[in-house]
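Visitor: Below you will find the structure I want to go over with you.
The values are calculated or read from the model by the stated rules, or taken from the named source; none is laboratory data. Because the structure is predicted, anything quoted here is derived from the model rather than measured. Here the Cβ positions follow ideal geometry from the backbone for every residue, glycine too, while neighbour counts run over all protein chains shown. For accessibility, only protein heavy atoms count, side chains too; no ligands or nucleic acids. Shrake-Rupley method; radii C 1.70, N 1.55, O 1.52, S 1.80 Å.
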Amino acid sequence: MRVNIILINKTNMTEPFPVTPLVPASPISHRFIHLNAISAPEDLLDFEKHSLAADAFMVGSLAVASSVEAAQATGQPSEVSLPNPYTPADLKTKWGLTFSKVDFTPQLKDVPESARARSGVLDDENERIASLDGQTSADFVHDGRKRFDMAFEGQFFSGPNVEFTFDNMAIPPIINNARRDSDAASWRSWLTTGANPQQKENFAQWYTSEVAKVSQPETRATTIATLKQNYEGRVVQAMQDGWIDPKHYSRLQKNTKRADIHFFSPFSGTADQFGGIHAESEFMKSGILLPVAPSEYLVTHELGHAFGGVNSTELNQIIYAGKQKDYIPSNHEMQASAYLYSLVNEGYNEHVNLGLLTGQATTINPALRAEAGLESAGDSTDYQQRRGLFGQLVSGPGGNGQVSTDELRSVTTLMIERNTKGLDAYLTKKWGGQPVIKQMYDSLLESISATGYEPTTEDAIRSIRDKVLHSTPAS
């Protein structure tokens, strides 16, 4: 079953989000709305179906209500379809919001009553909307707005990471500007009380159309292909600029093609922990999880992980060198290893990410990049600190986080090939024979062993600078 979404604006809406023009309804039906379950793409995972169907109901109800009101006001009934990727058959299966490392497959658990209510109510809504034929839609419009407000006052936005997620979505300027210019302290407060009715309708119309793009078969594949093509285009430009070796082009194509992209609702519990996530299997197939309507910043960052990074196996071989082959690390040792992996991997990847987005990559130091206007609004303080450390590592003693194009091309080659042993040798030579990777691990292990918990990024990097690099932050 194919379902199209046709959204229309009220004629008195100021600065409306551009949507599909009004299309008259079929002459054999005067129903204003059709809500039907779609035939979901085969690669739409269970947790996607659940969260996107919930959004279609909780957020989309306002978009549909606005369309109903506009259709009646203009005397032009219109069929408006709300995407519902959660079919009745799905309720007979198991689902969960936790997922495996590689393919995001939900762990099995009973379908909670809330899931049944969110999905099943779409069929009830369809019947109720049908009864509006020839009647006033005032009650329905009121219900749609009330449901939208209750959603944001209640279960949505349960964690602070949601704000980061929203900041890394491609929200239209008309909505973003209204949020920025208001007195609301957060997206939650703006969507609940800070936005006027027209702005709420703009947001609902935009977001519902984005849900349709990633949940309907005919648009999902195109949307994903476009994200990948845009990323590849930026890497090709970096190759032309000289800081990524063109010999990696075939690897770029292969790794990008094998990246398995899925989407989560920014209003779901997933956003409490992730703004985006990348996982990789032993077969080098990557899983990438993005919010609906991700920004280019976030897409570039997550696809960057699929293209290159630290080889965790080789990293462990470096830090456990001299141990017996069957040596089993302690919990603290595994924590220190994982922390070191994250520090170096994210520092590298975020630098490459900003280099691809700005076209300037030889300056890694966040302070110098900010002075030159090369920072990104989506970049977090945590990532800035990691990039600062990475810049010091690759620029060497006395370096200020700047490298030559040739030096950067050497480093990106090692990371794209996931040659972590080669990176270790490169950095050891850069630091006059000082095995900085092993020494960074020792510093982290000492801190974790002393306190029993992982230090903050700021504290960890300060300790590494004091004990290993004997330096202050590059400036």
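Visitor: Collect the residues in segment 237-252 that are in a helix (DSSP H, G or I), open to solvent by less than 80 Å² (accessible area, probe 1.4 Å) and closer than 14 Å to residue 357 by Cβ, keeping them in residue-number order.
Guide: Across segment 237-252, the qualifying residues are 238, 241.
Visitor: Does segment 293-307 include one or more residues that are surrounded by 17 or more Cβ atoms within 10 Å (Cβ to Cβ) and in a loop (DSSP other than H, G, I, E, B)?
Guide: yes
Visitor: Identify the single condition in (1) open to solvent by 40 Å² or more (accessible area, probe 1.4 Å); (2) in a helix (DSSP H, G or I); (3) without any contact (Cβ under 8 Å) to a residue 24 or more places away in the chain that residue 183 does not satisfy, given that it satisfies every other one.
Guide: Status for residue 183: all satisfied but (2).
Visitor: Moving to a separate point now. Restricting attention to segment 316-332, and to residues there that are open to solvent by 10 Å² or more (accessible area, probe 1.4 Å) and among the aliphatic types (A, V, I, L, M), which single residue is nearest to residue 248 (Cα to Cα)?
Guide: 318
Visitor: I've got another one for you. Kindly list the number of the only condition in (1) crowded, with 18+ Cβ neighbours inside 10 Å; (2) modelled with pLDDT under 95 that fails for residue 285.
Guide: (1)
Visitor: Would you check if residue 346 is touching a helix residue (DSSP H, G or I) at 6+ places or on another chain (Cβ under 6 Å), under 23 Å from residue 277 (Cα atoms) and open to solvent by less than 20 Å² (accessible area, probe 1.4 Å)?
Guide: no
Visitor: Working only within segment 356-371, note down all residues that are in a helix (DSSP H, G or I) and either open to solvent by 40 Å² or more (accessible area, probe 1.4 Å) or at pLDDT below 90 (or both).
Guide: Those that are in a helix (DSSP H, G or I) and either open to solvent by 40 Å² or more (accessible area, probe 1.4 Å) or at pLDDT below 90 (or both): 357, 358, 366, 367, 368, 369, 370, 371.
Visitor: Go through the residues of segment 257-268 one by one and say whether even a single one is part of a helix (DSSP H, G or I) and not charged (D, E, K, R).
Guide: No.
Visitor: Here's a follow-up. Would it be correct to say that residue 188 is in contact with a helix residue (DSSP H, G or I) (Cβ under 9 Å, 6 or more places away or on another chain), part of a helix (DSSP H, G or I), within 20 Å of residue 55 (Cβ to Cβ) and open to solvent by 50 Å² or more (accessible area, probe 1.4 Å)?
Guide: Yes: the conditions hold for residue 188.
Here's the yes/no breakdown for (1) touching a Leu at 6+ places or on another chain (Cβ under 6 Å); (2) of a type outside the set (Ser, Thr, Tyr); (3) under 13 Å from residue 319 (Cβ atoms):
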| residue | (1), (2), (3) |
| --- | --- |
| 433 | no, yes, no |
| 438 | no, yes, yes |
| 459 | no, yes, no |
| 465 | no, yes, no |
| 471 | no, no, no |
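Visitor: Of the residues 407, 417, only one is within 27 Å of residue 367 (Cβ to Cβ) and touching a residue at least 12 places away in the same chain (Cβ under 8 Å); which?
Guide: So the residue among 407, 417 that is within 27 Å of residue 367 (Cβ to Cβ) and touching a residue at least 12 places away in the same chain (Cβ under 8 Å) is 407.
Visitor: Regarding residue 215, is this residue of a type in the set (Gly, Ala, Ser), farther than 22 Å from residue 57 by Cβ, surrounded by 16 or more Cβ atoms within 10 Å (Cβ to Cβ) and at pLDDT below 85?
Guide: no
Visitor: Can I ask one more? Considering every residue within segment 184-192, establish whether at least one is farther than 26 Å from residue 252 by Cα and either basic (Lys, Arg) or touching a Gly at 6+ places or on another chain (Cβ under 6 Å) (or both).
Guide: The answer is yes, given that some residue of segment 184-192 is farther than 26 Å from residue 252 by Cα and either basic (Lys, Arg) or touching a Gly at 6+ places or on another chain (Cβ under 6 Å) (or both).
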